[in-house]
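The values are calculated or read from the model by the stated rules, or taken from the named source; none is laboratory data. Predicted model, so just to flag it, every value in this text is computed and none were measured. Neighbour counts are summed over all protein chains in view; Cβ atoms, including those assigned to glycine, are modelled from backbone coordinates with ideal geometry.
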Amino acid sequence: MTPLRPHRWTGLACLLLALTGSVDCGSPTTRPSDIIVIAMANSPTNFDPAVGLDEASQKIHQLLFSSLVKIDESLRVVPDLAVRVDWPDPLTYVAELPTGVRFHDGSLLSAADVAYTFNRFLDPEFVSGRKGAYRSLRAVEVIDETHVAFRLTEASASFPINLVMGIVPEGTGPEAARAPIGSGPYRLAEFAPDDHTTLAPFADYYQGRPNNAGLLLRVVPDETMRGLELRKGSVDLVINDLSPDIVDGLKQEPHLRVTTAEGTDFAYLGFNLRDSLLQDKRVRLAVGYAIDQQAIVRYLRRGLATPAIGIVPPMSWAHDPTVFRFERDVERAKALLDAAGYPDPDGDGPVPRLRLSLKTSTSAAYRLQAAVIQQNLAEAGIALELRSYEFATLFADVIRGNVQLYTLQWVGVTDPDMLRRVFHSSQIPPGGFNRGYYSNPDVDRLIDQATAALDEDQRGALYGEAQRLIAADAPYISLWYKTNVAVAHERLTGITLSPIADFSFLQHVGSSHELPRS
């Protein structure tokens, strides 16, 4: 993408700063250092937090809106805007609100606004891809100005994660897609689709005005260009939008700083368990023992990942560190194939024991990863045919079961209820995310019990047992958890990354000194 010309840069900066009353726009030669310029791969599609599902929209929602709850470092749901969230009975949650919180238009946020926000999901005329998450929600009721009750159709200890949702004013309609009103640390100043989004600080934000004069989120589709913009200083910050190879190169730049943190994105190799070859667990285990997970992390990911052992990430309160994990053992893989009825037909010759196919995306990183897996499996006697597709085609084939093996990535795994959505037999497509058609009655029972359990220790124990059974069955081969990465200009302070790499930390980012005149 062509960099912003100086006069255009000044216009955008002055628009933002004039809105905040924090600078005189008379001089066109100085770029204020407290404007934070962030390069993003994509433009947001919808500013309504109940409708915009793409990653870019959701990141900006975190800056425009306040949410009743948030996800903490242990991936627990904890109060954010809400003073507290109680569970007085198995079918009811009650949120208590603070007083004095204002929306960007100056109006006070009340229980009626919260009820309206969530009742939209119960409106049959309201169109949102998020509706499925609220299937157990029966009603949302205003108790008084500061208390809201959420009535469920069935007990669900995982329901509070659905309260991570930006609160909109009562009566909000389709206009929110382009003219949002929230109560978050920033308000929308300007939006140019596929070019930039400008956010101005909200002076009356209930947690205090942000530490900077605003954010300019520029769309730079090409990651090489994002790296170049960082190098020359026309972009201040890129968050999780650079490949490991580019990050490795940027580490050598003296004016840039790289911040990392463990993340929750989970890369895996999946099996279609309706396939006659892959129904045999010994074949799946052989594949797992053949793959060199450590080499993929060390060389392909440049160390910007950690070896994964399951979909529930290690920082989660529900993670069970005792689950079975693969260590590469080619001889064991061969022995398992022998036991499964696939002996080596020609000793050390070229004829394979069996043939499989793997579908992956056209992304260079995923095609290279697939090539490594192909080589790994060949050493165990498995001939792996590789097929790469545009993501939409790959995803459609996975959902239809038109695959044997495939590689994909789960993004932003936060709640152990993902075990239900991915591995419970009731979640086989089109009703859920069990795209490998995995079924184990004991796993179903444990997940159901964990969902209804009131005590966190009991839930953790049930989820742990379910994780151990799933790992032993190997419906997935875990590959890696992504390391979150922010590359920033050295002048920026306050760069922190949460496990889910949300953008809320940007309100705390400041500048240590002025940029030189252009």
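When we screen Ala396, Ala371, Ala378 for residues that are of a type in the set (A, V, I, L, M), assigned to a helix (DSSP H, G or I) and under 22 Å from Lys482 (Cβ atoms), the only hit is Ala371.
Looking across Leu53, Leu63, Leu75, one residue alone is crowded, with 22+ Cβ neighbours inside 10 Å and assigned to a loop (DSSP other than H, G, I, E, B). It is Leu75. Looking only at residues in the stretch 190-208 that are farther than 22 Å from Asp113 by Cβ and charged (D, E, K, R), the one that is surrounded by the fewest Cβ atoms within 10 Å (Cβ to Cβ) is Asp194. Here Ile71, Ile60 are screened, and the one residue that is in contact with a helix residue (DSSP H, G or I) (Cβ under 9 Å, 6 or more places away or on another chain) and under 26 Å from Ala39 (Cβ atoms) is Ile71.
All but one of (1) in contact (Cβ under 8 Å) with a residue 40 or more places away in the chain; (2) under 28 Å from Ser316 (Cα atoms) hold for Arg421; which doesn't? With (1) in contact (Cβ under 8 Å) with a residue 40 or more places away in the chain; (2) under 28 Å from Ser316 (Cα atoms) applied to Arg421, the lone miss is (1). Selection of first residues in the stretch 48-59 that are farther than 14 Å from Phe121 by Cα and of second residues that are of a type in the set (Ser, Thr, Tyr) and in a loop (DSSP other than H, G, I, E, B), restricted to Cβ pairs under 7 Å at least 6 apart or on distinct chains, gives the following pairs, ordered by first then second residue: Asp54/Thr45; Ala56/Ser43; Ser57/Thr45.
With the structure loaded, tell me whether Ser136 is touching a helix residue (DSSP H, G or I) at 6+ places or on another chain (Cβ under 9 Å), surrounded by fewer than 19 Cβ atoms within 10 Å (Cβ to Cβ) and small (Gly, Ala, Ser) or whether it fails that test. Judged against the criteria, Ser136 is a match. Quick check on my filter: what residues within the stretch 150-191 are closer than 17 Å to Leu109 by Cβ, over 26 Å from the mean Cα position of the chain (by Cα) and of a type outside the set (S, T, N, Q)? Within the stretch 150-191, Pro169, Glu170, Gly171 qualify. Residues of the stretch 149-189 that are surrounded by fewer than 17 Cβ atoms within 10 Å (Cβ to Cβ) and under 16 Å from Pro44 (Cα atoms): Pro174, Glu175, Ala177, Arg178, Ala179. Filtered by the rule that a residue be of a type in the set (Asp, Glu) and either at positive phi or under 37 Å from the mean Cα position of the chain (by Cα) (or both), the stretch 334-370 gives no residues. When we screen Ala370, Ala378, Ala335 for residues that are without any contact (Cβ under 8 Å) to a residue 40 or more places away in the chain and in contact with a strand residue (DSSP E or B) (Cβ under 6 Å, 6 or more places away or on another chain), the only hit is Ala370. If only residues of the stretch 290-317 that are of a type in the set (Ser, Thr, Tyr) and within 18 Å of Val485 (Cα to Cα) are counted, the one that is nearest to the chain's Cα centre (by Cα) is Thr306. Residue count for the stretch 272-321 satisfying the condition of being in contact with a Pro (Cβ under 6 Å, 6 or more places away or on another chain) and under 15 Å from Thr407 (Cβ atoms): 3. The number of residues in the stretch 441-480 that are out of contact with any helix residue (DSSP H, G or I) (no Cβ under 6 Å at 6 or more places or on another chain) and under 14 Å from Met418 (Cβ atoms) comes to 5. Within the stretch 157-179, can one find any residue that is at pLDDT below 95, in contact with a helix residue (DSSP H, G or I) (Cβ under 8 Å, 6 or more places away or on another chain) and over 19 Å from Gln58 (Cβ atoms)? Checking the stretch 157-179: at least one residue is at pLDDT below 95, in contact with a helix residue (DSSP H, G or I) (Cβ under 8 Å, 6 or more places away or on another chain) and over 19 Å from Gln58 (Cβ atoms). Put simply, of Leu97, Leu108, Leu122, Leu75 the only residue that is under 17 Å from Asp48 (Cβ atoms) and hydrophobic (A, V, I, L, M, F, W, C) is Leu122.
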